[in-house]
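Worksheet for the structure shown next.
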Amino acid sequence: MSIPAPPDLHRAIHPDGAPCPARDDPTPHGDSAGSACSAPGGGDSSAELNRLNQSGGDRSGDGGDSAALAFSQRVRQSFGRGAPQYDQEALLQQAMAWRLARHCADLPLPDGPCADLGAGTGLLSRALQRHHRQLNQRPPLQLDLCPELLGRNPLATGPWHHPGPQHQLAPEQLLSPGPLPANGDVLAENDPLGRLWDLNDGLPEDLQNASLLASSFALQWLNEPIRTLGLWCRGLASGGWLVLALPTAGSFPQWHRAAEHADVPCTALPLPDAAGLLQAAEASGLSLRHAQRLRFTRHHQGGLPTLRHLQRLGAGASRRSPLTPIQLRRLLAHWPATSPLTWEVLLLIGQRRP
């Protein structure tokens, strides 16, 4: 299935112009982004640029599986640092969650488990609950790699415990650069909806033949987004639904151009191509009910406010080495404050064919 070039939407991050219900769906009017940067500048002094430039870049020097694991850890740590202010910063993510949920209000769900993959603070699941009666009665399982985000998810809150021996993780352990929490770690036994899970490892066994797999602004962080999307499609029950939103390769042209003109590496997260994602979904047994590529432009954004915002959001992990302060200054010199910032976001809703 092909989709036309997206319209450019300027007035607000909510493209339909519909009123945003209450505090859970605010009308976005601030900074917002869904990609990553390894050099978020927070000031113009060398010391501050150097300090802020240390988060999120690839310093492993390794290849293969060890490099992939290192990136997974950096993503987790970066979002952990941004968790306290995530909901306040994630305006685009909130808008997309509510837009997806409105499209899902009448989806007939077959029997089977439901899950929010990369649930974070639960923005998508909360919106789905508001719009879908069945999901209001049985909230989706909340899977995420970052315990700090899940700890702020009202559908998955509680003290962190291993399902076996009682073992609560202290805050300093959650933020440490040590090993990832074990896949399958869950919340307290009386609240089983939250589960620590690295989606690079596939789906948990108890999510096979799922009736609904939903994910918003998470797939792009995985090592192989297109392959993983195929696995998710094949994990659905017959008649089960995949509900997805993510930024795609047409995002941040201003950032890429500034890096090219400054002759410095572009540390934006490489994003999957929308056409490739659609092709993978259909090849994996999905019939597409809704596929839409949207473009959002924030005018007068500029380089420095963008990079600051990404750091506050927690979207600071990059697969490339961080820029030096000199390189960062060159980038910002070619990325003026008056320039806009553009995101391309793919919305996809599809049903597993019999």
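The values are calculated or read from the model by the stated rules, or taken from the named source; none is laboratory data. Please read all numbers here as calculations on a predicted model, not as lab measurements. Cβ: placed from backbone, ideal geometry, glycine included. Neighbour counts: every protein chain shown. Side chains are part of the model used for accessible areas, which takes the heavy atoms of the whole protein and leaves out ligands, DNA and RNA. Shrake-Rupley method; radii C 1.70, N 1.55, O 1.52, S 1.80 Å.
Can you figure out the FRET efficiency of Ile326 with His300, using R₀ = 25 Å and their beta-carbon distance, to the nearest 0.05? Display every interim value, and only then the final one.
Working: r = 26 Å, r/R0 = 1.04.
In this case the efficiency is close to 0.45.
Over the stretch 245-354, average the accessible area per residue using a 1.4 Å probe and give it in Å², no decimals.
Ligands and nucleic acids excluded, the figure is 39 Å² per residue.
If DNA, RNA and ligands are ignored and the probe is 1.4 Å, what is the ranking of Asp87, Asp106 by accessible area, most exposed first? Please report the intermediate quantities before stating the final value.
Working: Asp87 45, Asp106 100 Å².
Ranked from most to least accessible, the order is Asp106, Asp87.
Tally Lys and Arg at +1 and Asp and Glu at -1 over the other residues with C-beta under 11 Å from the C-beta of His290: what net charge comes out?
+3
So if we plug the beta-carbon distance of Gln279 and Asn223 into 1/(1 + (r/R0)^6) with R0 = 25 Å, what FRET efficiency do we get, rounded to 0.05?
So the FRET efficiency works out to roughly 0.85.
Measure out, as a whole number of angstrom, how far apart the alpha-carbon centroids of the stretch 205-263 and the stretch 113-156 sit.
Each part reduced to its Cα centre gives a spacing of 17 Å.
Need the full-extension length gain, Asn209 to Glu260, defined as separation in residues times 0.36 nm minus the C-alpha distance. One decimal, nm.
13.8 nm
Quick one: pull the percent of accessible area on the stretch 221-268 belonging to carbon and sulfur, 1.4 Å probe, ligands and nucleic acids left out.
Ligands and nucleic acids excluded, carbon and sulfur give 51 percent.
Probe radius 1.4 Å, ligands and nucleic acids left out: which of Trp98, Trp197 has the largest accessible area, and how do the rest follow?
Trp197, Trp98
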